[in-house]
Amino acid sequence: MFWVLIPVGPTDDDVKGAQDLIESIVTYEPTVSGIVFLDDGVKDRCLAGRFVVPSTCNTISLMPSRNAGTNEFRKTGGLCAGILSGLRWIQESTEACFVVKLDSDALVIDPFLDKALLSMRSLTDAGMLGSIGRSANKDSPHFRYCDDARALLEFLLAHVPEPNSDSEANQGVEIATPGGNVFISHDQLCSFSVLRKHIASALDNGYPLGNYCQGGAYILTRQMLERMESRGYFEDLTLWQQVPIGEDVAMSMYVYAVGLRLHGQSGDGGMFGIQWRGLPFGMNDLVVRKYSFIHSVKNEASISEADIRAFFRERRRVRGPSGAMPMAYPYSG
């Protein structure tokens, strides 16, 4: 029915986070068809056989960062290429009706399958479901798009390098963004040549430059994957290796490039309690609002990652056989 795509960073903490995430997935949605792990380790960590999943859940581990020749996912272009390689595998090898992409610092805290299917039935132009912008909380300072991404896209679209030129402009440039200066090399400008065409298609379809769903957790529909394949967007994943754009911005752009739309699902009763850093609301509040996905359990100023994970682990533990769960716990957050 659906598959999950999880990039797993190179550290032991990343693997532990993935373990906790997987436990949360199979607790609330035990019918998950399969999980694709994108392994960012130095060597193959055999992630497909490392975690406990239901016998009906298939697992596969890919190492696109190594296979594609990049050094690490933490370079944004490497993560773009990795996510695209995982999506290509799911499109070619499964009949998934949708894909859930989750970072290892995300968690599932409530069922989502019925919500997702209902949304896709009613939103026939949906390519991506998620939290539009950087936070589900409208009162958060993070509730806005990433202006850095918009500035970078505007620059990359406007500056076409001259091949084989030794001019100073073709040696690389430094551009100012709201988050600080970013250096763009000549190789990065050159590698962006084909991607300009992809973005042009998105702009033709009404893409607001820089509009995106936050990357900690989002859903991509089957029609999104099929259209990406038919338009050749999976053919050369190395195109993204040199581009300093986050994968959530890239994937959101592709939604428009294939003629579909982003749909925000972060209001009360929606699926995505997502924020760029930390949590958008206190933990009890996230439960009461009936979110299915939360992000990020890291970088929360008021409480440690370990305490956040313990809170939701205990909530999973007391889940009754009927599926009913307590709405909240006595915690001040």
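Of Tyr291, Tyr329, all but one fail to be at pLDDT below 90, hydroxyl-bearing (Ser, Thr, Tyr) and assigned to a loop (DSSP other than H, G, I, E, B); the exception is Tyr329. For residues in segment 257-312 being among the polar types (S, T, N, Q) and in contact (Cβ under 8 Å) with a residue 24 or more places away in the chain, which is nearest to Ile219 (Cα to Cα)? Per the criteria, the residue is Gln265. The set of residues in segment 33-52 being out of contact with any helix residue (DSSP H, G or I) (no Cβ under 6 Å at 6 or more places or on another chain) and either in a loop (DSSP other than H, G, I, E, B) or over 24 Å from Leu84 (Cα atoms) (or both) consists of Ser33, Gly41, Val42, Lys43, Asp44, Arg45, Cys46, Arg50, Val52. Scanning segment 110-136 for residues that are assigned to a helix (DSSP H, G or I) and either under 24 Å from Glu23 (Cα atoms) or small (Gly, Ala, Ser) (or both) returns Leu113, Asp114, Lys115, Ala116, Leu117, Ser119, Ser122.
The values are calculated or read from the model by the stated rules, or taken from the named source; none is laboratory data. These numbers come from a predicted model, not from an experiment. Every residue, glycine among them, receives a Cβ derived from its backbone with ideal geometry; neighbour counts consider all protein chains shown.
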